[in-house]
Structures are given as C-alpha cells and as structure tokens.
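Please treat every number below as a calculation from the coordinates, not as lab data. The shown structure was predicted, so the numbers you read here are calculated from the model rather than taken from an experiment. Don't worry about glycine lacking a Cβ; one is built from the backbone with ideal geometry, like all the others, and counts go over all protein chains shown.
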Amino acid sequence: MIGNKWKPIIINVIGTRTIRFGQLDAIVPHISRKVLTEQLKELEEDGLLERLAYKELPPRVEYRLSDKGLAFLPILEHIKEWNIKYEISPIPKETDYKYSK
C-alpha cells in the first residue's frame, strides 16, 4: 500500500489540500509523469486518494486524500520526526580529512 519511495512523498505533498496533476508534477522532484500517474492510480485503488474528474473542456482532474489517506498523515509526521532524530550524519568527503604527518 505505502511500500515504495514515491507514495509517502505524494501523500505528504497533497496533505489536506486538493491538487491538480500538473501541480503535483511540478512539486514532486525527480519523478516521471508516467510513474506519478501509476502511483496516483495505485493510491486511488488502495483507497488513500480520491480522483475528482470534471467534465469540462479542457478536462480537469484534481486529487485529494480520502479519509483513509488523511488518517495516515499523523503516522507520516511521526516517521518524518523519527528520520530527523536518527538521521545518519553525512559521510565526510576525502577532502574533509586532516592528515597528520
């Protein structure tokens, strides 16, 4: 359901707002439109996301979290806090080492 790289990021970006595909595409870094489309479809199938399609020209589609998706937001916040608390410090670059002779 949530077990990949992109879904928590997408859920975090959507949060409590309604957002269009183009906005998501612009905000979520380093994701192809194809993968974004697949992830949104899976989130919808899992009941975490609602897809709102408007019968307009040009067609307009918006996404928002379902009640199930909104219930995941506090869990996601705890995961983010845990990550910040236990984040491994970056490995120093070779130029950061001080050699003594």
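With each label point set 7 Å from Cα along the Cα-Cβ vector, what nm distance links Glu87 and Thr16?
Label at Glu87, label at Thr16, 2.4 nm between them.
Working out 0.36 nm times the residue gap between Ser32 and Asp67, then minus their Cα-Cα distance, what length gain in nm do you get to one decimal?
On the way: separation 35, 0.36 × 35 = 12.60 nm, distance 2.71 nm.
Stretched fully, the Ser32-Asp67 segment lengthens by 9.9 nm.
Taking the chain as a Gaussian network, Cα atoms linked when under 10 Å apart, which of Tyr86, Tyr63, Tyr54 shows the biggest mean-square fluctuation?
Tyr86
How many lysine pairs does the chain hold where the Cα atoms are under 30 Å apart and the two sit 8 or more places apart or on different chains?
Counting lysine pairs in the chain gives 25.
Distance in nm between label sites at Ile2 and Arg60, each 7 Å beyond Cα in the beta-carbon direction?
3.1
How would you classify region 11-60 from its alpha-carbon gyration tensor, with a ≥ b ≥ c the square roots of the eigenvalues: rounded for a/c under 1.5, else prolate if a/b is greater than b/c, otherwise oblate?
Values: a/c = 1.42, a/b = 1.18, b/c = 1.20.
Rounded is the answer for region 11-60, as its axis ratio a/c remains below 1.5.
If you build a Gaussian network model of the chain, linking Cα atoms that sit under 10 Å apart, which residue out of Pro74, Pro58, Pro29 swings the most?
Pro58
Going through region 6-64, which trypsin sites (Lys or Arg not before Pro) have at most 14 other Cβ atoms within 10 Å and a DSSP loop state? All intermediate terms of the calculation are to be shown ahead of the outcome.
On the way: sites: Arg17, Arg20, Arg33, Lys34, Lys41, Arg51, Lys55, Arg60, Arg64; in loops: Arg17, Lys55.
Within region 6-64, the qualifying trypsin sites (Lys or Arg not before Pro) (loop, at most 14 other Cβ atoms within 10 Å) are Arg17, Lys55.
Could you pull out every residue, at least 5 positions away or on a different chain, whose amide H is within less than 5 Å of the one on Leu48? Hs are placed 1.01 Å off N in the peptide plane, and Pro or chain starts have none.
Here the answer is none, since no amide H 5 or more places off falls under 5 Å of that of Leu48.
Here are some values of Cα extents along the principal axes in Å: (i) 74, 29, 20; (ii) 47, 30, 24; (iii) 38, 32, 24. Which one was computed from this structure?
(i)
With the crude spin-label approximation of a point 7 Å out along Cα→Cβ, what separation in nm comes out for Gln23 versus Ile79?
2.2
Ranked by Cβ crowding within 10 angstrom, fewest neighbours first, how are Thr16, Thr37 ordered?
In order of increasing Cβ crowding within 10 Å: Thr16, Thr37.
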